[in-house]
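Before any comments, here is the structure.
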Amino acid sequence: MNTPAPRLAEPLSKVLGARTATGLGKLGLDTVEDLLRHYPRRYGSPGEMTPIGALALGEHVTVMAQVRSVTVRTMRSRGGAMLEAVVTDGRDSLQLTFFAKRAGVLRMHESKLAAGRTGLFTGTVGEYRGRRQLTHPDYLIVGVDAADEDEAVLEASRPIPIYPAVASVPTWRIGRSVRMVLDPLTEADVPDPLPAAIREQRGLPSLLEALRAVHVPDVDADWRRGQDRLRFEEALVLQTALARRRAAREALAAVPRQGVSDGLVQALDARLPFPLTAAQVEVGEQIAKDLAATTPMLRLLQGDVGAGKTVVALRAMAQVVDSGGQAALLAPTEVLAAQHLRTLEQLMGPLAFGGMLGGDPHGTRLTLLTGSQSTGARRQALADAASGAAGIVVGTHALLSETVQFADLGLVVVDEQHRFGVEQRDALRSRSEHPPHTLVMTATPIPRTVAMTVFGDLETSLLTDKPAGRAEVATHVVPADNQAWLDRTWARVREEVNAGRRVYVVCPRIDADDEVDPETLEAAADEPDEPAAQRPPLASVTQTAAMLAERAELASVRIGLMHGRLSAEDKDAAMAAFASGEAPVLVSTTVIEVGVDVPAATMMVVLDAERFGISQLHQLRGRVGRGTLASVCLLVSRAEPGTVSRERLDALAATTDGFVLAEKDLELRREGDVLGAAQSGGRNSLRLLRVVRDAALIEQAREHARELVARDPDLAAYPALASAIDSWLGGEREEFLERG
Ligand code: ADP
Ligand code: MG
């Protein structure tokens, strides 16, 4: 659309030469703009030394230190020459060692590394005769490469940008390259995505000024001011992209589905075995209103596990059926799709058999569409969807295949959306002439700040209260090396079984040769705290089931198995045997993570619990405590107290509030992980903006963005902003914006 400014788009190979460009290419930097957008990670100040005592062996470091001494000597034993310099932070010292064939080669280093000078030294921390050292470090002596004395003084006092670097391209080489491309640029070369009026209003520098400030600051205040402006730019570009999507969606006409006063919704409400909670009523009214509008609904329904989202979805689907349309309910797994069908049939009773013998006249027909169905069942389901005979179609991604036609699809409900990609949702949406309304349901609590950043264009609703009479789930961390506790754990399993209850045992793997369950997307997301070689292998479903079968406490208890590699029938059979109590212990991977509803389940044991993320464990735990029976969740783990892994488990033990946990999760994750994998990597990531810290800024940017888009939907007057959105959020980013 808009071609980027020619100077910024120039390849680095042309500006800096092939050799330098190849090095920078390793960092993913190919154009002038890429390089300029490669901001320093932090700033060193020449007066502030790096604490040398804290350096870890084997670590790749960049150290600010002062040279204390330097000597060159020839080595009689090995031949050749060696330079040894000692640098210090004032307390501890570090040795720098260079080897060469002849002493002459080392003279250049010797003259630069004069005692008293300060520099940055980079290399891998090694040890020789008990002393820390860097061998052949790359280095930069502060002020030495300056053109004249004045500049040397300035250089020696200004903050030193420290870039994200790799060993072969150290930070100062990046810095030098940045300055080479930055120095000749003029304002005309660097179009500013920030509209002038907004810039003025907020007192922000131009893009070129900001780039100079972060790359070549004279004082600390410079880079701070530059960063503030660049951070705001990120927020505005992102929010403008979201505002445009929103506007585009609102321009499409959906078929309004007002419903009727004496139809399926009413008949359904009359037969619900429980009163709706206040939140269910309120959210229900909101959705009813959305469905009756000509603007396609795009609503995110957040509700903690067990909050009762299914019935909210069913009432929305019923309204669409009452209006002559159809609804599709997408579940992430076959287990869950089958369970949804059963749940809906149960809630609807005779209403689920509309137009059939014994069915209710207000009713409709339900059908299930999954990948592993028999041909006959599938053919019937396809016919029912295409003719409109089925008002509600429940399925997995098989629903999205080309061969599935609907007579009049009015609503798509996506359950546990974090497992669905955008393309899939769009595939369904583009199936009909008018875009259907969309309701996305998730139990993964998304803090408001994140929802606003990532889902800026979705309306969100919250199921705040849980149905009354829910039992509490007590959670405890069990150290894996405490045999007495483990014995007690398995004895407790037996007690639950004897009392007629069910127990889940969750493992991170299917069998010994397996990495993780293929249906388990989130598992092992975090790095273990200890090197892989030192830890015993992760618990697997098959081994754990065999181990439990051997235990005396569990003699004559039937133990079921569940994981993603089972066929659909075997999964169904395992779930049914578990639910009925025939096999009251179910050893499973995280396939049971979402939605599975067995009210008699009162105990869950998670093995190698530190391998799972906070939200995943919270989901898993939601499988127990679904009835009125007090429940317990035991997190068996090797995580040592004081580690981040252990802190996560302790957080789970401390609260069952999903939103508190989600905030904790954000806090414990490293920067850049916040928005999940789609946000990390790739050159278009958010660089400076942090969704939690910068919430207020994001909100202000959103105001500006909505105003801009309302006034100028095509951004005709703001070509630089439009092109920033195109290039910066292009391709995969668009997808990330819609990700759930
Ligand atoms: P989730 O939000 O996790 O999907 P479900 O929709 O599966 O939760 O509901 C969990 C359980 O709570 C189900 O057994 C459901 O029938 C029951 N439930 C839903 N709404 C209410 C209510 N208002 N009162 C009592 N029980 C309810
Ligand atoms: Mg659910």
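The values are calculated or read from the model by the stated rules, or taken from the named source; none is laboratory data. All of these numbers come straight from a predicted model, not from anything done at the bench. Reconstructed Cβ throughout: ideal geometry from the backbone, glycine too, with neighbour counts over all protein chains shown. For the accessible areas, the whole protein counts, side chains as well, though only heavy atoms, and no ligand, DNA or RNA atoms are used. Shrake-Rupley method; radii C 1.70, N 1.55, O 1.52, S 1.80 Å.
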Residues in the range 70-89: is at least one of a type in the set (A, V, I, L, M), touching an Asp or Glu at 6+ places or on another chain (Cβ under 6 Å) and open to solvent by 30 Å² or more (accessible area, probe 1.4 Å)? yes
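Can we say residue 373 is open to solvent by less than 40 Å² (accessible area, probe 1.4 Å) and either polar (S, T, N, Q) or under 26 Å from residue 256 (Cα atoms) (or both)?
Numbers: open to solvent by less than 40 Å² (accessible area, probe 1.4 Å): no; either polar (S, T, N, Q) or under 26 Å from residue 256 (Cα atoms) (or both): yes.
So residue 373 fails the test.
Among the residues of the range 315-334, is there at least one that is assigned to a helix (DSSP H, G or I), at pLDDT below 90 and within 16 Å of ligand 2 (Cβ to nearest atom)?
yes
With the condition kept exactly as written, say whether any residue in the range 51-60 is within 23 Å of residue 143 (Cβ to Cβ) and assigned by TED's automatic domain parsing to the domain that holds residue 136. Lay out the reasoning, then the answer.
Applying the first criterion (within 23 Å of residue 143 (Cβ to Cβ)) to the range 51-60 yields 51-52.
Keeping just the survivors that are assigned by TED's automatic domain parsing to the domain that holds residue 136 gives 51-52.
Among the residues of the range 51-60, at least one is within 23 Å of residue 143 (Cβ to Cβ) and assigned by TED's automatic domain parsing to the domain that holds residue 136, which makes the answer yes.
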Could you list, in sequence order, all residues of the range 10-33 that are among the small types (Gly, Ala, Ser) and modelled with pLDDT of 90 or more? 13, 17, 18, 21, 23, 25
Matching residues, the range 595-612, being away from ligand 2 (no atom under 16 Å from the Cβ) and open to solvent by 10 Å² or more (accessible area, probe 1.4 Å): 600, 607, 608, 610, 611
Scan of the range 40-56 for residues that are surrounded by fewer than 19 Cβ atoms within 10 Å (Cβ to Cβ) and either more than 24 Å from residue 163 (Cβ to Cβ) or in contact with a Leu (Cβ under 8 Å, 6 or more places away or on another chain) (or both), ordered by number: 53, 55
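Is at least one residue of the range 197-204 under 27 Å from residue 31 (Cα atoms) and open to solvent by 10 Å² or more (accessible area, probe 1.4 Å)?
Initially, the range 197-204 is screened for residues under 27 Å from residue 31 (Cα atoms), giving 199, 204.
In the following step, the residues that additionally are open to solvent by 10 Å² or more (accessible area, probe 1.4 Å) were identified as 199, 204.
Scanning the range 197-204 turns up at least one residue that is under 27 Å from residue 31 (Cα atoms) and open to solvent by 10 Å² or more (accessible area, probe 1.4 Å).
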Just a yes or no: is a residue in the range 105-112 modelled with pLDDT under 85 and in a helix (DSSP H, G or I)? yes
Need the failing condition index for residue 261 against (1) free of Cβ contacts under 8 Å to residues at least 12 places away in the same chain; (2) part of a helix (DSSP H, G or I); (3) not basic (Lys, Arg), just the number. (2)
Being within 14 Å of ligand 1 (Cβ to nearest atom) and either out of contact with any Lys or Arg (no Cβ under 8 Å at 6 or more places or on another chain) or closer than 20 Å to residue 364 by Cα (or both) is the filter here, so list the residues in the range 285-322 that pass it. 300, 302, 309, 310, 311, 312, 313, 314, 315, 316, 317
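Return the only residue of 22, 62, 31 being surrounded by 18 or more Cβ atoms within 10 Å (Cβ to Cβ) and free of Cβ contacts under 8 Å to residues at least 24 places away in the same chain.
Details: 22 fails: surrounded by 18 or more Cβ atoms within 10 Å (Cβ to Cβ); 62 fails: free of Cβ contacts under 8 Å to residues at least 24 places away in the same chain.
Of the residues listed, the single one that is surrounded by 18 or more Cβ atoms within 10 Å (Cβ to Cβ) and free of Cβ contacts under 8 Å to residues at least 24 places away in the same chain is 31.
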Going residue by residue through the range 344-355, is there one that turns out to be part of a loop (DSSP other than H, G, I, E, B), more than 16 Å from ligand 2 (Cβ to nearest atom) and surrounded by fewer than 20 Cβ atoms within 10 Å (Cβ to Cβ)? yes
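Given the structure, is residue 404 of a type in the set (A, V, I, L, M, F, W, C) and either within 16 Å of ligand 2 (Cβ to nearest atom) or at pLDDT below 85 (or both)?
Working: of a type in the set (A, V, I, L, M, F, W, C): yes; either within 16 Å of ligand 2 (Cβ to nearest atom) or at pLDDT below 85 (or both): no.
So residue 404 fails the test.
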